[in-house]
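Visitor: My structure is below; once you've seen it, I'll send some questions.
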Amino acid sequence: MTLVSQATPPARSGTSPAFLRKIVVDPWLFGIFALVTLSVLVFAALPIFVVMKQAVVTDHGFDLGVLIDTLSQSFVWTSFLNTLLLGATSAVIATAAGFLLAFCATRTTMPGKTFVHGVALLPIISPPFVMALAVVILFGRSGLITRELLGIRNANVYGFHSLVLIQSLAFTPIAYLNIRGMLQSIDTALEDASASLGASRWTTFSRVTLPLVTPAILSSTLLVFVKSVEDFGNPMLIGGNYNTLAVEAYSQMVGYFNLQAGALLASLMLVPSMTAFLIHRYWVSKRSYVTVTGKPSTQTIRISGGVVVPLTLGCYAIVAAILLFYLTVVYVSFTKLPGVNNTLTLDHYATVFTAGFQTLTNSLLLAGIATPITAIAGMLIAYLLIRKAFPGSFLLRWATLLSFAAPGTILGIGYVSTFNAAPLLLTGTAFIVVAAMVVKNLQVGIEAGSNQLRQIDKSIEEASTILGASNTRTFFQVTLPLLKPALFTSLSYALTRSLTTLSAVIFLVSANWTLITVTILSQVETLKLGVAAAYCSILVFVVLAILAVMQLVLNSASKR
Amino acid sequence: MSKVIFSNITKRFPGVAGATAVDRLNLTIEEGTLVTLLGPSGCGKTTTLRMLAGFETPSDGTITIGGRDVTNVPVNARNVGMVFQSYALFPHMTVRENVEYGVRLLSLPKAEMKDRVNTILETMALAQYADRSPSRLSGGQQQRVALARAVVTQPKVLLFDEPLSNLDAQLRERMRDELRAIQLRLGITSLYVTHDQSEAMAISDRVVVMRNGVIEQDDSPLNVYSRPGTGFVAEFMGKANILNGKVEAVDDTTVSVRIASTVAFALARNGRDFKLGQAVRCVVRPEHIRVDADGTMEAKVRRVVFQGAYVEYLTDLEGQECVFLDTDYYKSGVAEVGQTLKLSIDSRPVWVLPETETATLGKAA
Ligand SMILES: Nc1ncnc2c1ncn2[C@@H]1O[C@H](COP(=O)(O)OP(=O)(O)OP(=O)(O)O)[C@@H](O)[C@H]1O
Ligand SMILES: [Mg+2]
């Protein structure tokens, strides 16, 4: 007689563990996942680790002596503290300015909001060092304001004060957009409720509005801080003796060929960047009271009358400063020798379109290649992470986060060090530049794609699968089209960033593949301000034109 | 060809300690029939349906469709159709493109593909909307597109997850009848999930009542309503009084049960065994109790709810709660709280619950 236990039926044969089954069901998609993860690891994580290793390991292996030697040199700590001070100052000022703009735009009767909005976005779509160029032109030794207007002969434009001015203005839009978004998603009924309970306008502002936007304020501060730490062009051009980590790393690498010091400085940049980034990701963003409902909350404008006047003047001052800087650049691009010979001319443009044309087409070509790759890869990764939790997803998630949080400088140095030998001998090629562009801008697309995916009913994709489509097909025929808005965000961001990036690619350009931003930098350094201004103007114009065309395409495509 | 069999299907979700969404479920869907899974929220209906679709993998057990074990077959190779609660129409495609989507994947000759799509669009009265975006259709029309898209590929099994819950009450009834008509015409084996008992009874060949991942009763709509296997089923299938009683007398064909000093019934025994003095629970539907000046039953009114078409009384029957509906209130007037009413019960539909709560005894009767 045999006894058969009824409690636990025997395991079915041929059953594979859940995680294996995921792979077996969709080998193609898993293949894509594996490929994407591997690429991200090689092109995002590996270079950063290589730099960190270089910082502590010399030709003779791990050498504590060298490390201590480098660390004990004053330039390391000076530049580290400089970076922190500049970052903190710019972050506070830019956030305050951004808050002012955002509050006026969403809560007051300030006239000319569209115009203010448009101007406030200019710095986002142009290389940050356009500002630096303008400042040199306006306030430099032969500056249009300092010398022409005020007659000051020995104005010193270089240093901390200029950097703060420039970075604050250049990064105000980041804070503005961030805070504006949150103000818009807060139902003004909350403020009305406070008013109806008898609170004064000030009480409502300080007890209701301000606490509700605090997460956005903190998040803006941290983001601007990260941007400031990462900024290379402005400190390079206008820092003078005020060296930041990005500049110091560059000069150690390129000026003194001191790889170890360069790597160490670049690694040090990770400290403030990663700290700010992690605080942002794991603390600030969890503190938001705003729930995304998908429908816009009601927005009524309640603040009018006397208080609006000083607020409006503040906004106009910011806008005027931005406009002044940009118009100066445009003006100078048409001027023979600004401050010396102010006759109008097209010479600089002639130079750009003849001798300097290559660099412009290079930038357009490489950014043109990098942009669609960045955007589609971003959507694909978002899909893989949100919808398909393949084993190993965490690697992909962390590698992309790392590449986003890490400053361009460390990525640039990492690329040079990692891809200079077989089998990954890529230095000097266009490929390495494109890879840097893609990796640096991937995360924004992933973020936008993930947010959108969470709002797309999962059953739409299930409907496609159950009708017989594979997951790969479902992604390209159903998911990707539905991600169009996120795709557009990602495309615009990737394009602007790729065209205006400097900190990473400056290490990667070669004689064959030089980029417009690098050219502008060297033009400014050699004081060919007119040509630099012409390049900047063209760059801003090109970005604006492409964005406009993309917007048109998007609009016509969604009209059906 | 497309009979569906769930054998010993269990589903545990990882991370939810101890919770079993579906527990050793055995269910057969005969070829061409429509079976409804009915039950309260969270009882495992959707999970069961999604395991048949292939979106979830059973932790244990097997599922066969037409004799073929599909337990480990991926979703897109199962040849099942599904109508989603949210319809899940592709918003970036027209109605025609939506319907065409699955057919294209069958690699049929172009002419046949066109033909199939056009035929189904005609059948569903959608031809005139073929080139519209689904967002510009009414809820009922969207529902029909979803159905057209699901059946055009001629799936072996058709699945519905609360397909009507997004529609308003009137449209819901019409669409319900349309769904059933099309299912019958195509003769397609179907599994239908709902938590609306009247919808379940109206549309199904069999109703499967679930509770906490377990089947409570698997029976015809009529039996599930009038011969519930458990008190849970009785109460889930509509308003029910479950009254405690005692067996007073048993003979060859009848059993006499006393509920209260003024109420006793003689019921057909139908071959079931009863012992003298045995405690039993009787299901009495409110619609089978009426106000009757000549009635022997007496109950005291506790609450009166006026509902327009009828008055709902909650009464006290010697300590037991008893609810009934009076549609004739206009004749004798509405009673007041505290008043004692004379009532009578139509004893023919009274049902004595089988003793064990887990049995599916409706079938035995
Ligand atoms: N993906 C999941 N992960 C963890 N638990 C789940 C998951 N899906 C369902 N469950 C759990 O399994 C149980 C059954 O869920 P199921 O969705 O099948 O219920 P349902 O009967 O369809 O309910 P409703 O009427 O609310 O749709 C629930 O307790 C639910 O919380
Ligand atoms: Mg459900």
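Visitor: Considering only region A:412-425, I want to know if a residue exists there that is in a helix (DSSP H, G or I) and within 30 Å of A:Phe475 (Cβ to Cβ).
Guide: The answer is yes, given that some residue of region A:412-425 is in a helix (DSSP H, G or I) and within 30 Å of A:Phe475 (Cβ to Cβ).
Visitor: Might you check whether a residue that is within 16 Å of ligand 2 (Cβ to nearest atom), in contact with a Lys or Arg (Cβ under 9 Å, 6 or more places away or on another chain) and either in contact (Cβ under 8 Å) with a residue 24 or more places away in the chain or more than 19 Å from A:Asn471 (Cβ to Cβ) (or both) occurs anywhere in region B:54-64?
Guide: Yes, region B:54-64 contains at least one residue that is within 16 Å of ligand 2 (Cβ to nearest atom), in contact with a Lys or Arg (Cβ under 9 Å, 6 or more places away or on another chain) and either in contact (Cβ under 8 Å) with a residue 24 or more places away in the chain or more than 19 Å from A:Asn471 (Cβ to Cβ) (or both).
Visitor: Sticking with this structure for a sec: Just one of (1) modelled with pLDDT of 90 or more; (2) surrounded by fewer than 20 Cβ atoms within 10 Å (Cβ to Cβ); (3) within 12 Å of ligand 1 (Cβ to nearest atom) trips up B:Lys45, so point out which.
Guide: Looking at each condition in turn, B:Lys45 falls short on (2).
Visitor: Take A:Lys458 and decide whether it is out of contact with any Leu (no Cβ under 8 Å at 6 or more places or on another chain), at the interface with another protein chain (Cβ under 10 Å from one of its Cβ atoms) and not β-branched (Val, Ile, Thr).
Guide: The answer is yes for A:Lys458.
Visitor: Would you call B:Ser138 more than 16 Å from ligand 2 (Cβ to nearest atom), within 8 Å of another protein chain (Cβ to nearest Cβ) and within 24 Å of B:Leu171 (Cβ to Cβ)?
Guide: No, not satisfied.
Visitor: Kindly provide the set of residues from region B:188-202 that are of a type in the set (Gly, Ala, Ser) and within 15 Å of ligand 2 (Cβ to nearest atom), ordered by number. Steps first, answer last, please.
Guide: Here is the first cut: in region B:188-202, the residues of a type in the set (Gly, Ala, Ser) are B:190, B:198, B:200, B:202.
B:Ala200, the sole residue that qualifies.
Visitor: Further question on the same structure: Looking for something within 28 Å of B:Val22 (Cα to Cα) and among the small types (Gly, Ala, Ser) - is there at least one such residue anywhere in region B:215-227?
Guide: yes
Visitor: Only one residue in A:Ala463, A:Ala504 is over 30 Å from A:Pro407 (Cβ atoms) and surrounded by 22 or more Cβ atoms within 10 Å (Cβ to Cβ), so which one is that?
Guide: Working: A:Ala504 fails: over 30 Å from A:Pro407 (Cβ atoms).
That would be A:Ala463, the only listed residue that is over 30 Å from A:Pro407 (Cβ atoms) and surrounded by 22 or more Cβ atoms within 10 Å (Cβ to Cβ).
Visitor: Tell me, yes or no, whether region B:8-31 has at least one residue that is over 28 Å from B:Asp219 (Cα atoms), facing another protein chain (nearest Cβ under 9 Å), within 22 Å of the chain's Cα centre (by Cα) and surrounded by fewer than 22 Cβ atoms within 10 Å (Cβ to Cβ).
Guide: No, there is no match, as no residue in region B:8-31 is over 28 Å from B:Asp219 (Cα atoms), facing another protein chain (nearest Cβ under 9 Å), within 22 Å of the chain's Cα centre (by Cα) and surrounded by fewer than 22 Cβ atoms within 10 Å (Cβ to Cβ).
Visitor: Quick one: would you say B:Thr71 is within 16 Å of ligand 2 (Cβ to nearest atom) and assigned by TED's automatic domain parsing to the domain that holds B:Ile188?
Guide: no
Visitor: Now, a different point. Name the residues in region B:95-118 that are hydroxyl-bearing (Ser, Thr, Tyr) and not in a helix (DSSP H, G or I), would you?
Guide: Once the filter is applied, which keeps residues that are hydroxyl-bearing (Ser, Thr, Tyr) and not in a helix (DSSP H, G or I), region B:95-118 yields only B:Ser107.
Visitor: Suppose we filter region A:161-192 for residues that are polar (S, T, N, Q) and either surrounded by fewer than 21 Cβ atoms within 10 Å (Cβ to Cβ) or touching a Cys at 6+ places or on another chain (Cβ under 6 Å) (or both); how many remain?
Guide: Going through region A:161-192 one residue at a time, the tally reaches 3.
Visitor: Also, quick follow-up: Restricting the search to region B:176-204, which residues are basic (Lys, Arg) and either in contact with a helix residue (DSSP H, G or I) (Cβ under 8 Å, 6 or more places away or on another chain) or within 16 Å of ligand 1 (Cβ to nearest atom) (or both)? Even if it seems obvious, please write down each step before you answer.
Guide: So in region B:176-204, the residues basic (Lys, Arg) come out as B:176, B:180, B:185.
Result: B:Arg176, B:Arg180.
Visitor: If B:Ala88 passes every condition in (1) small (Gly, Ala, Ser); (2) within 16 Å of ligand 1 (Cβ to nearest atom); (3) more than 8 Å from chain A (Cβ to nearest Cβ) but one, which one does it miss?
Guide: In the conditions (1) small (Gly, Ala, Ser); (2) within 16 Å of ligand 1 (Cβ to nearest atom); (3) more than 8 Å from chain A (Cβ to nearest Cβ), B:Ala88 misses (3) alone.
Visitor: Answer with yes or no whether B:Ala77 is at pLDDT below 90, assigned by TED's automatic domain parsing to the domain that holds B:Leu164, more than 18 Å from B:Pro155 (Cα to Cα) and away from ligand 2 (no atom under 15 Å from the Cβ).
Guide: no
Visitor: Show the residue pairs meeting these rules: Cβ distance below 6 Å; 6+ apart or different chains; first residue within region B:147-163 and within 14 Å of B:Gln183 (Cα to Cα); second residue within 16 Å of ligand 1 (Cβ to nearest atom) and in a helix (DSSP H, G or I).
Guide: If the second residue must be within 16 Å of ligand 1 (Cβ to nearest atom) and in a helix (DSSP H, G or I), the pairs left are B:Leu159/B:Leu49; B:Leu159/B:Ala53.
Visitor: Here is a further query. Of the numbered conditions (1) within 16 Å of ligand 1 (Cβ to nearest atom); (2) within 21 Å of B:Gly213 (Cβ to Cβ), B:Ser7 fails exactly one; give the number of that condition.
Guide: Evaluating B:Ser7 over (1) within 16 Å of ligand 1 (Cβ to nearest atom); (2) within 21 Å of B:Gly213 (Cβ to Cβ) leaves (1) as the failure.
Visitor: What about B:Leu34, is it buried (at least 17 other Cβ atoms within 10 Å of the Cβ), within 22 Å of B:Met237 (Cβ to Cβ) and either within 9 Å of ligand 1 (Cβ to nearest atom) or at pLDDT below 95 (or both)?
Guide: No; evaluated as a whole, the condition is false for this residue.
Visitor: Can you name every residue in region A:465-477 that is more than 13 Å from A:Leu380 (Cα to Cα) and either more than 7 Å from every other protein chain (Cβ to nearest Cβ) or among the hydrophobic types (A, V, I, L, M, F, W, C) (or both)?
Guide: Once the filter is applied, which keeps residues that are more than 13 Å from A:Leu380 (Cα to Cα) and either more than 7 Å from every other protein chain (Cβ to nearest Cβ) or among the hydrophobic types (A, V, I, L, M, F, W, C) (or both), region A:465-477 yields A:Ile466, A:Leu467, A:Ala469.
Visitor: All but one of (1) more than 22 Å from B:Ala279 (Cα to Cα); (2) modelled with pLDDT under 85; (3) among the hydrophobic types (A, V, I, L, M, F, W, C) hold for B:Ala335, so report the exception by its number.
Guide: Failing condition for B:Ala335: (2).
Visitor: Filter region B:86-110 down to the residues that are buried (at least 18 other Cβ atoms within 10 Å of the Cβ) and either within 16 Å of ligand 2 (Cβ to nearest atom) or under 24 Å from B:Gly213 (Cα atoms) (or both) and list them by number.
Guide: Scanning region B:86-110 gives B:Tyr87, B:Ala88.
Visitor: Now for a separate question. How about region A:65-82: which of its residues are touching a Ser or Thr at 6+ places or on another chain (Cβ under 6 Å) and of a type in the set (A, V, I, L, M)?
Guide: A:Val66
Visitor: Examine region B:37-46 for a residue that is within 14 Å of chain A (Cβ to nearest Cβ), out of contact with any Cys (no Cβ under 8 Å at 6 or more places or on another chain) and under 20 Å from A:Lys458 (Cβ atoms), and state whether such a residue exists.
Guide: Checked against the condition, which is being within 14 Å of chain A (Cβ to nearest Cβ), out of contact with any Cys (no Cβ under 8 Å at 6 or more places or on another chain) and under 20 Å from A:Lys458 (Cβ atoms), region B:37-46 yields at least one hit.
Visitor: Given the conditions (1) in contact with a helix residue (DSSP H, G or I) (Cβ under 9 Å, 6 or more places away or on another chain); (2) part of a loop (DSSP other than H, G, I, E, B); (3) modelled with pLDDT of 90 or more, report the number of the one that B:Glu312 does not fulfil.
Guide: Result: B:Glu312 fails condition (2) only.
Visitor: Restrict the check to region A:354-374 and report whether at least one residue is free of Cβ contacts under 8 Å to residues at least 40 places away in the same chain and part of a loop (DSSP other than H, G, I, E, B).
Guide: Taking every residue of region A:354-374 in turn, at least one turns out to be free of Cβ contacts under 8 Å to residues at least 40 places away in the same chain and part of a loop (DSSP other than H, G, I, E, B).
Visitor: Restricting attention to region B:54-83, and to residues there that are within 12 Å of ligand 1 (Cβ to nearest atom) and within 8 Å of another protein chain (Cβ to nearest Cβ), which single residue is farthest from B:Leu106 (Cα to Cα)?
Guide: The extreme case among them is B:Thr57.
The values are calculated or read from the model by the stated rules, or taken from the named source; none is laboratory data. Small disclaimer: the values here were computed from a predicted structure and weren't measured. No Cβ is skipped: glycine too gets one built from the backbone with ideal geometry, and neighbour counts run over all protein chains shown.
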